[in-house]
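There's a structure below that I have some questions on.
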Amino acid sequence: MSTTLAEPTGRPDTEGTWAVETHGLTKRFGNNVAVNGVELLVPRGCAFGYLGPNGAGKTTLIRVLLGLTHADAGTMSLLGQPVPKHRDVALARVGAIVDEPRFHGHLTGRQNLQILAAAREAAAKDRIGPSLERVGMSHRADDRVSKYSMGMRQRLGVAACLIGDPELLILDEPMNGLDPAGMHEMRDMILSLVAEGRTVVLSSHLLDEVERTCDAVAIVDRGNVIRQGPISELLAGASVVLQVECSEPDRARSLLGASGVRADIEVSESGLGITLPAGASRDIIAEANRVLVEGGISVYRLQEIQASLESWFLQVTSRLGATE
Ligand SMILES: Nc1ncnc2c1ncn2[C@@H]1O[C@H](COP(=O)(O)OP(=O)(O)OP(=O)(O)O)[C@@H](O)[C@H]1O
Ligand SMILES: [Mg+2]
């Protein structure tokens, strides 16, 4: 990485609210806008998912944040430090894996970490052992990296971040190449890092993983952040599906339609799927049940299904697609 002349900053600003803050951040490749006016606010001390499909601009955003490529427009700060102005100060407290961790294959995991530690403060060397232990790689630390599986490389990547004792970890697709057990371990590791007060920003196209791992999320599509915030708040804005198992589904649908219950109703083999609008009162559920029972329909089961982040994501993207 090239060095820039960071201005003396005195004590780092550890009081800033945001671990990552960007305004109008934009990166173009020719006519292709990979990062488009991104406004990102990542609170400290949480696991934050940057979620989007392939080509959405996740890796590009991370590369811009780390100064690996320049932004065309916008401003950004890491841990309260404006970058690129104070990039060296900020990056001293940041650990990152971009694309996938890269190591010297002919050297052992431990030797790779020794090389990285040599470029950092003296204390980094003392953190090699504990970092390897932390990611469960002590027993393979003296094997050559070329013999590691993808999951082991990912873990060594996290260990490489930890030797700098970072306040902020930025992990690009940390679940890539991991089997279900490996994903589970990575998730636990991320949660334990957050429990220590660190902030973890991870990019992913795996909606499910983000939902399970992260407290907050930004959903990105074609370079644009569509929504962001705590997952619980985003879900509160999602619609809920009411699954109804009942007799005579067609007649049940007509009864509800005639009664003026305001919802999208689909008929299935076993009954109805009723999509309630976001924020709808639960009285609609009682009302629907009353209409059906009074109309002579046998209701076997009523189940409210909270939209997952995935269905919410699909709702948002299809809604945007429909109105664009
Ligand atoms: N060096 C580059 N030169 C030209 N275009 C690029 C370059 N890097 C990325 N792009 C383009 O920018 C867009 C965003 O790419 P990026 O790699 O950031 O997406 P991503 O969200 O990380 O995707 P994935 O999930 O596949 O990793 C894509 O259209 C890609 O083709
Ligand atoms: Mg990527």
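Got at least one residue in region 143-151 being open to solvent by 10 Å² or more (accessible area, probe 1.4 Å), within 16 Å of ligand 2 (Cβ to nearest atom) and free of Cβ contacts under 8 Å to residues at least 60 places away in the same chain?
yes
Something else about it: Please determine whether any residue of region 117-136 is within 16 Å of ligand 2 (Cβ to nearest atom), touching a Lys or Arg at 6+ places or on another chain (Cβ under 9 Å) and in the same structural domain as Pro174 (by TED's automatic domain parsing).
For region 117-136, residues within 16 Å of ligand 2 (Cβ to nearest atom), touching a Lys or Arg at 6+ places or on another chain (Cβ under 9 Å) and in the same structural domain as Pro174 (by TED's automatic domain parsing): absent.
Taking Gly37 as the residue in question, decide whether it is away from ligand 2 (no atom under 16 Å from the Cβ) and of a type outside the set (Val, Ile, Thr).
yes
Another one. When only residues in region 46-56 that are buried (at least 19 other Cβ atoms within 10 Å of the Cβ) and at pLDDT 95 or above count, which is farthest from the chain's Cα centre (by Cα)?
Going through the qualifying residues, I end up with Ala47.
Another question, then. From the residues in region 185-207 that are of a type in the set (Asp, Glu) and free of Cβ contacts under 8 Å to residues at least 24 places away in the same chain, which one is nearest to Leu171 (Cα to Cα)?
Asp188
Another question, if that's okay. Restricting attention to region 66-87, does a residue exist that is among the hydrophobic types (A, V, I, L, M, F, W, C) and within 16 Å of ligand 2 (Cβ to nearest atom)?
The answer is yes; a qualifying residue exists.
Separate question: Restricting attention to region 247-274, report how many residues are of a type in the set (Asp, Glu) and surrounded by 14 or more Cβ atoms within 10 Å (Cβ to Cβ).
The qualifying residues number 1.
Given the conditions (1) in contact (Cβ under 8 Å) with a residue 40 or more places away in the chain; (2) of a type in the set (S, T, N, Q); (3) within 16 Å of ligand 2 (Cβ to nearest atom), and given that Asn32 satisfies all but one, which numbered condition is not satisfied?
Checking Asn32 against (1) in contact (Cβ under 8 Å) with a residue 40 or more places away in the chain; (2) of a type in the set (S, T, N, Q); (3) within 16 Å of ligand 2 (Cβ to nearest atom), the one that fails is (1).
How many residues, within region 58-94, are within 16 Å of ligand 1 (Cβ to nearest atom), at pLDDT 95 or above and at positive phi?
Adding up the residues that qualify gives 1.
Tell me yes or no: at least one residue of region 33-46 is farther than 14 Å from Leu202 by Cα, away from ligand 1 (no atom under 16 Å from the Cβ) and acidic (Asp, Glu).
yes
Could you check how many residues of region 95-154 are within 16 Å of ligand 1 (Cβ to nearest atom) and either at negative phi or at pLDDT 95 or above (or both)?
8
Output yes when any residue across region 204-221 is over 26 Å from Asp88 (Cα atoms), open to solvent by 20 Å² or more (accessible area, probe 1.4 Å), more than 16 Å from ligand 2 (Cβ to nearest atom) and not in a helix (DSSP H, G or I), and no when none is.
Looking for residues that are over 26 Å from Asp88 (Cα atoms), open to solvent by 20 Å² or more (accessible area, probe 1.4 Å), more than 16 Å from ligand 2 (Cβ to nearest atom) and not in a helix (DSSP H, G or I), one finds at least one in region 204-221, hence yes.
Okay, moving on. Filter region 159-195 down to the residues that are under 20 Å from Val42 (Cα atoms) and β-branched (Val, Ile, Thr), then identify the one that is surrounded by the fewest Cβ atoms within 10 Å (Cβ to Cβ).
This residue is Val194.
Still on this model: State which residue is nearest to Thr69 (Cα to Cα) when the search covers only region 15-29 and only residues that are more than 16 Å from ligand 2 (Cβ to nearest atom) and open to solvent by 70 Å² or more (accessible area, probe 1.4 Å).
Here the residue is Arg28.
The values are calculated or read from the model by the stated rules, or taken from the named source; none is laboratory data. Remember, predicted model here, so these are calculated numbers, not experimental data. When we count neighbours, we look across all protein chains shown, and the Cβ atoms used for this are built from the backbone with ideal geometry, even at glycine. Remember, those area values only see protein heavy atoms, side chains included, never the ligands or the DNA or RNA. Shrake-Rupley method; radii C 1.70, N 1.55, O 1.52, S 1.80 Å.
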